[in-house]
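Engineer: Quick one: structure below, then a few questions.
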Amino acid sequence: MTDQNFNDIKQEALLLQEQLAEHNHSYHVLDDPVISDGEYDRMMKRLIEIEKLHPALSTPDSPTRRVGATPLTSFDTADHSTPMQSLDNAFNDQDIIDFHNRVAKLLETDEIRYTVEPKLDGLAVELRYEQGILTLALTRGDGTTGEVITDNARTINSVPLKLTPPPQGKNPGFLEVRGEVIINSRDFETLNKKRLEMDEPLFANPRNAAAGSLRQLDSRVTAQRPLEIFIYGTGIARGLEANSHAGLLDTLKTLGFRINPEIRTGLTVTEVLDRFKELEVLRENLPYEIDGMVIKVDDIAFQNTLGVKAKSPRWAIAYKFPAMEETTVITDIKVQVGRTGTLTPVAILEPVSIGGVMVARASLHNMDEIQRKDIRIKDTVLVKRAGDVIPKVVKPVIAKRTGDEEVFVMPDHCPVCHSPVRRLENEAAVKCINASCQAQLKQRIKHFVSKAGFDMDGLGAKLVDQLVDRDILHSFADLFTLDKVTLSAMDRMGDKSAANVVRAIEKSKRVPLKRFLFALGMDHTGDSAALLLCEAFSTLGAVMAAKNEEIAAIDGIGPKTAASVVMFFENQENLAMIEEMVNNGVVIEDHQALGNNLGEGTGVQKSIFNGKTVVLTGSLVTMTRSEAKKRLQEQGAKVTGSVSAKTDILVAGESSGSKLTKARSLGVTVMDEDELTAQLNKG
Ligand code: IVH
């Protein structure tokens with residue numbers, strides 16, 4: 001090959017490397033994709049091809065390095081150039097006030113401003129850049145020495161392999177940044193689901209998943225894990241001048257690092273306490289786990305005056321949230337029967353307060369889960385609560401075993417109707433197959449009357465239980481014959497509430513097809529499957545007449561749903577029950593083709609974003625760009641990176657630039673954040 005040829009190829013490789021790095025940064029750091037995944041993949045493929053032919057072009061900062069390298073047999077270790085310290089912990093407001101008073105006394109001033117950051121629950125790492133290129137990545141280790149995980153760190157898309165040179169000036173010659181490697185809660189669930197399918201041990205929480213993924217001898221495995229990083233500080237940072245911590249983070253951002261958007265600065269101690277309360281609420285909606293808030297004296301001159309102690313700096317402290325995990329004892333394991341007859345084991349716990357909420361029961365899911373985790377009655381267990389979901393038993397504390405623990409055996413008879421149970425082939429669930437089992441009936445009716453079903457306001461769980469126990473309700477159809485006299489005879493029911501329930505039942509009789517199908521509670525047929533059925537068939541008659549293949553051919557519906565729908569409508573008792581409902585006054589409204597004017601109360605009010613191509617630009621205040629993207633996609637939008645004639649809507653956040661100008665010139669509809677939120681909430 002001639003030099004000329006090689007030079008051309010080298011230029012092409014350099015250009016691809018630069019463009020891929022830029023796109024990677026837009027996507028993973030700025031959360032603002034510019035090109036499609038397909039285009040990115042094509043460019044990457046071409047670069048891999050070139051580098052294979054000319055290995056000299058495969059520099060350590062090439063984006064091709066993100067796929068991982070040759071596996072290691074063990075990790076090397078290396079010392080941190082300055083120790084990676086930890087933080088003192090605070091557990092209440094008084095601890096923070098004491099911290100502030102200590103700082104104020106040492107600095108001889110009360111005028112102290114703080115920067116506060118979410119305390120990310122992941123794994124601390126240090127990244128070293130020499131002449132702008134990532135040359136070393138270390139875990140925190142014991143703070144003095146860490147493991148060399150450079151190949152693994154390169155696979156994390158939000159870790160820059162090369163720094164973006166600042167607009168004026170050069171890259172710092174030697175820079176160490178520190179941050180936390182995390183895995184999003186949703187990605188953690190997906191990862192565990194896959195591991196379950198592959199019969200691999202599950203990760204107990206996202207932190208363990210992040211640590212386990214990062215500390216892989218085979219970095220190609222790490223490359224498959226959706227790890228992310230947020231940078232929160234520096235080690236040695238030659239040539240990086242900053243007067244404040246917030247200023248330092250801003251500079252790091254311009255160099256290409258990902259900085260957490262929830263960081264706030266310039267706060268007084270009172271505002272710090274307010275922000276903590278805010279973050280406690282926000283926490284439930286963050287895509288990743290945080291275990292508190294880190295409070296840092298913002299002024300770097302102040303930080304230097306305060307200095308460090310043996311293990312932690314005097315200028316920072318971690319304010320921890322109350323733990324969401326606690327240990328307690330399983331006193332018993334009981335079995336609940338669900339709507340479809342599934343027997344679910346539930347752990348009865350010695351009540352324990354977790355993050356301020358008393359917990360006395362926790363789900364154990366199914367027998368497989370109990371066996372896999374080896375959970376026994378009388379075990380001391382770790383219980384975790386997150387948001388509003390049912391607390392989960394994470395694992396037994398084996399060290400606390402006394403030998404008195406009892407292995408739980410799933411009953412072979414339904415605990416409610418006492419008929420024999422069956423375990424279906426290839427399914428983890430054990431089921432009571434007696435269709436007239438009272439426990440199932442109660443759950444089925446609760447589902448039927450729920451908001452997404454017939455929406456019978458006032459017909460709560462306790463009332464349903466009583467109506468079934470007293471032999472008044474035997475089927476869905478019986479609901480429509482309930483009268484005021486019957487209802488007012490129930491416990492805790494006055495005339496007025498009985499009348500309200502009767503009114504709600506009356507109102508519910510006109511029901512859109514989608515809610516009707518949902519209410520029936522067919523296996524594997526939830527809200528979205530019901531909608532897909534409606535869109536495909538429009539009328540109940542057509543759904544009832546549909547063949548298995550026709551249903552299974554619907555995009556988004558699987559064979560299990562198809563089989564269950566067909567089986568439901570083949571059953572003579574079910575058909576008789578529907579007929580009886582209709583005789584009792586139920587009117588099932590055909591599905592309106594999704595237009596802009598779906599009738600009130602259909603529950604499928606069409607989103608204006610459905611089928612639209614939407615571009616997001618500028619910064620959003622009330623949600624992150626990726627949250628907005630996700631919600632738009634949920635409402636049927638296609639979210640793309642660049643504005644073109646095909647764009648329907650541009651959502652312009654604060655300081656929107658060229659995309660806004662382009663959208664205006666193309667006559668694309670432009671929407672601000674307020675309108676976006678309002679429309680999303682309608683959809
Ligand atoms: S600053 C000297 N900021 O918490 C200051 N740490 O016990 C060092 N962490 O090992 C840490 N989020 O893994 C800092 N925004 C944040 C953090 C954070 C999480 C972790 C970090 C560290 C531990 C401190």
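The values are calculated or read from the model by the stated rules, or taken from the named source; none is laboratory data. The model shown is predicted, which means the values in this text are computed figures rather than measured ones. With ideal geometry, Cβ positions are generated from the backbone for all residues, glycine too; neighbour counts draw on all protein chains shown.
Engineer: Does the range 153-178 hold any residues that are basic (Lys, Arg) and either closer than 19 Å to Leu30 by Cα or within 15 Å of the ligand (Cβ to nearest atom) (or both), and which are they?
Structural biologist: Arg154, Lys162, Arg178
Engineer: List the pairs whose first member sits in the range 38-51 and is in a helix (DSSP H, G or I), whose second member is surrounded by fewer than 18 Cβ atoms within 10 Å (Cβ to Cβ) and of a type in the set (S, T, N, Q), and whose Cβ atoms are under 7 Å apart, counting only residues at least 6 apart or on separate chains?
Structural biologist: Met43/Gln19; Glu51/Ser58
Engineer: Show me the strands (runs of 3 or more DSSP E) entirely contained within the range 340-431 in which 2 or more residues are under 30 Å from Met522 (Cα atoms) and either basic (Lys, Arg) or more than 27 Å from the chain's Cα centre (by Cα) (or both).
Structural biologist: 343-354, 421-423
Engineer: A further question on this structure: Picking from Ala477, Ala489, Ala435, which residue would you name as being among the aliphatic types (A, V, I, L, M) and over 18 Å from Ile578 (Cα atoms)?
Structural biologist: The match here is Ala489.
Engineer: A further question follows. Is one or more of the residues making up the range 153-176 surrounded by 24 or more Cβ atoms within 10 Å (Cβ to Cβ), assigned to a helix (DSSP H, G or I) and not hydroxyl-bearing (Ser, Thr, Tyr)?
Structural biologist: There is at least one residue in the range 153-176 that is surrounded by 24 or more Cβ atoms within 10 Å (Cβ to Cβ), assigned to a helix (DSSP H, G or I) and not hydroxyl-bearing (Ser, Thr, Tyr).
Engineer: Would you confirm whether or not the range 325-345 contains a residue that is within 13 Å of the ligand (Cβ to nearest atom), over 30 Å from Gln440 (Cα atoms) and in contact with a helix residue (DSSP H, G or I) (Cβ under 9 Å, 6 or more places away or on another chain)?
Structural biologist: For the range 325-345, residues within 13 Å of the ligand (Cβ to nearest atom), over 30 Å from Gln440 (Cα atoms) and in contact with a helix residue (DSSP H, G or I) (Cβ under 9 Å, 6 or more places away or on another chain): absent.
Results for (1) more than 30 Å from Glu271 (Cβ to Cβ); (2) among the basic types (Lys, Arg); (3) touching a Phe, Trp or Tyr at 6+ places or on another chain (Cβ under 6 Å), shown as yes or no for each residue.
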residue: Val294; (1), (2), (3): no, no, no
residue: Phe302; (1), (2), (3): no, no, no
residue: Gly307; (1), (2), (3): no, no, no
residue: Tyr319; (1), (2), (3): no, no, yes
residue: Thr328; (1), (2), (3): yes, no, no
residue: Thr342; (1), (2), (3): yes, no, no
residue: Glu350; (1), (2), (3): yes, no, no
residue: Arg372; (1), (2), (3): yes, yes, no
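Engineer: Something else now. Of all the residues that make up the range 59-68, how many are of a type outside the set (Lys, Arg) and either within 16 Å of the ligand (Cβ to nearest atom) or buried (at least 17 other Cβ atoms within 10 Å of the Cβ) (or both)?
Structural biologist: The number of residues fulfilling the criteria is 5.
Engineer: Could you please give the count of residues in the range 69-94 that are more than 33 Å from the chain's Cα centre (by Cα) and within 15 Å of the ligand (Cβ to nearest atom)?
Structural biologist: The number of residues fulfilling the criteria is 4.
Engineer: Against the condition farther than 24 Å from Leu227 by Cβ, in contact with a His (Cβ under 8 Å, 6 or more places away or on another chain) and away from the ligand (no atom under 16 Å from the Cβ), how does Ile97 come out, does it pass?
Structural biologist: Considered against the rule, which asks whether it is farther than 24 Å from Leu227 by Cβ, in contact with a His (Cβ under 8 Å, 6 or more places away or on another chain) and away from the ligand (no atom under 16 Å from the Cβ), Ile97 comes out as no.
Engineer: Out of (1) in contact with a strand residue (DSSP E or B) (Cβ under 9 Å, 6 or more places away or on another chain); (2) closer than 26 Å to Ile156 by Cβ; (3) surrounded by 17 or more Cβ atoms within 10 Å (Cβ to Cβ), the odd one out for Leu282 is which?
Structural biologist: Answer for Leu282: the failing condition is (3).
Engineer: Quick check on Thr190: is it surrounded by fewer than 20 Cβ atoms within 10 Å (Cβ to Cβ) and either within 16 Å of the ligand (Cβ to nearest atom) or part of a loop (DSSP other than H, G, I, E, B) (or both)?
Structural biologist: So Thr190 does not fit the description; no.
Engineer: Hey, can you tell me all the residues within the range 104-139 that are of a type in the set (Asp, Glu) and more than 9 Å from the ligand (Cβ to nearest atom)?
Structural biologist: Glu108, Asp110, Glu111, Glu126, Glu130
Engineer: Would you tally the residues in the range 140-152 being outside any loop (DSSP other than H, G, I, E, B), within 16 Å of the ligand (Cβ to nearest atom) and surrounded by fewer than 20 Cβ atoms within 10 Å (Cβ to Cβ)?
Structural biologist: Matching residues across the range 140-152 total 2.
Engineer: Kindly check whether there is at least one residue in the range 76-98 that is surrounded by fewer than 14 Cβ atoms within 10 Å (Cβ to Cβ), on the phi > 0 side of the Ramachandran plot and free of Cβ contacts under 8 Å to residues at least 12 places away in the same chain.
Structural biologist: No, the range 76-98 contains no residue that is surrounded by fewer than 14 Cβ atoms within 10 Å (Cβ to Cβ), on the phi > 0 side of the Ramachandran plot and free of Cβ contacts under 8 Å to residues at least 12 places away in the same chain.
Engineer: Additional query: Which helices (runs of 4 or more DSSP H) does the range 474-546 wholly contain that include 3 or more residues that are loosely packed, with under 14 Cβ neighbours inside 10 Å?
Structural biologist: 495-508
Engineer: Going by the conditions given, is Asp465 without any contact (Cβ under 8 Å) to a residue 40 or more places away in the chain and on the phi > 0 side of the Ramachandran plot?
Structural biologist: no
Engineer: Where residues in the range 196-219 are in contact with a Ser or Thr (Cβ under 8 Å, 6 or more places away or on another chain) and under 18 Å from Val159 (Cα atoms), which of them is surrounded by the fewest Cβ atoms within 10 Å (Cβ to Cβ)?
Structural biologist: Here the answer is Arg215.
Engineer: Quick check on the range 432-456: of everything there that is assigned to a loop (DSSP other than H, G, I, E, B) and of a type in the set (D, E, K, R), which residue is surrounded by the most Cβ atoms within 10 Å (Cβ to Cβ)? Quick ask: steps written out before the conclusion?
Structural biologist: We begin by selecting, within the range 432-456, every residue assigned to a loop (DSSP other than H, G, I, E, B); these are 433-437, 450-456.
The next check asks that each one be of a type in the set (D, E, K, R); those that pass are 451, 455.
Working: Lys451: 10, Asp455: 17.
My answer is Asp455.
Engineer: Starting from the range 259-285, take each residue that is aromatic (Phe, Trp, Tyr) and list its partners that are within 16 Å of the ligand (Cβ to nearest atom), counting only C-beta distances under 9 angstrom and pairs at least six apart or across chains.
Structural biologist: Correct list of pairs: Phe276/Ile96; Phe276/Val116; Phe276/Gly292; Phe276/Met293; Phe276/Ile295; Phe276/Tyr319; Phe276/Phe321.
Engineer: What tally of residues in the range 227-249 results from selecting those that are under 27 Å from the mean Cα position of the chain (by Cα) and either modelled with pLDDT under 95 or surrounded by fewer than 17 Cβ atoms within 10 Å (Cβ to Cβ) (or both)? Please lay out each step first, then the result.
Structural biologist: Step one: filter the range 227-249 for residues under 27 Å from the mean Cα position of the chain (by Cα), giving 227-233, 249.
This time we only want the ones that are either modelled with pLDDT under 95 or surrounded by fewer than 17 Cβ atoms within 10 Å (Cβ to Cβ) (or both), so: none.
Number of matching residues: 0.
Engineer: Separate question: Within the range 187-206, can one find any residue that is free of Cβ contacts under 8 Å to residues at least 60 places away in the same chain and β-branched (Val, Ile, Thr)?
Structural biologist: Yes, the range 187-206 contains a residue that is free of Cβ contacts under 8 Å to residues at least 60 places away in the same chain and β-branched (Val, Ile, Thr).
Engineer: Looking at (1) surrounded by 18 or more Cβ atoms within 10 Å (Cβ to Cβ); (2) without any contact (Cβ under 8 Å) to a residue 60 or more places away in the chain; (3) of a type in the set (Asp, Glu), which is the only condition Glu111 fails?
Structural biologist: With respect to (1) surrounded by 18 or more Cβ atoms within 10 Å (Cβ to Cβ); (2) without any contact (Cβ under 8 Å) to a residue 60 or more places away in the chain; (3) of a type in the set (Asp, Glu), Glu111 is out only on (1).
Engineer: Next question. Checking Leu459 against (1) closer than 19 Å to Gln443 by Cα; (2) in a helix (DSSP H, G or I), which test does it fail?
Structural biologist: Failed condition: (2).
Engineer: Let me ask something else. With the requirement that a residue be closer than 22 Å to Ala439 by Cα, of a type in the set (A, V, I, L, M, F, W, C) and free of Cβ contacts under 8 Å to residues at least 24 places away in the same chain, what does the range 471-486 give you?
Structural biologist: In the first step, residues of the range 471-486 are kept if they are closer than 22 Å to Ala439 by Cα; the result is 471-482, 486.
With of a type in the set (A, V, I, L, M, F, W, C) added as a condition, the list becomes 472-473, 476-477, 479-480, 482.
Selection gives Ile472, Leu482.
Engineer: Could you go through the range 306-321 and let me know if any residue there is over 30 Å from Ala461 (Cα atoms), more than 15 Å from the ligand (Cβ to nearest atom), at pLDDT 90 or above and under 27 Å from the mean Cα position of the chain (by Cα).
Structural biologist: No, the range 306-321 contains no residue that is over 30 Å from Ala461 (Cα atoms), more than 15 Å from the ligand (Cβ to nearest atom), at pLDDT 90 or above and under 27 Å from the mean Cα position of the chain (by Cα).
Engineer: Output the number of the condition that Ala429 fails; it satisfies all remaining conditions of (1) at pLDDT 90 or above; (2) within 21 Å of Met367 (Cα to Cα); (3) among the hydrophobic types (A, V, I, L, M, F, W, C).
Structural biologist: Here Ala429 clears every test but (1).
Engineer: Here's another thing I want to ask about it. Which residue is modelled with the lowest pLDDT, if the candidates are limited to the range 647-667 and must be of a type in the set (Val, Ile, Thr) and out of contact with any Gly (no Cβ under 9 Å at 6 or more places or on another chain)? Lay out the reasoning, then the answer.
Structural biologist: In the first step, residues of the range 647-667 are kept if they are of a type in the set (Val, Ile, Thr); the result is 647, 649, 651, 661.
Then drop every residue that is not out of contact with any Gly (no Cβ under 9 Å at 6 or more places or on another chain), which leaves 647, 649, 661.
Values: Thr647: 86, Ile649: 91, Thr661: 75.
Filtering first and then ranking leaves Thr661.
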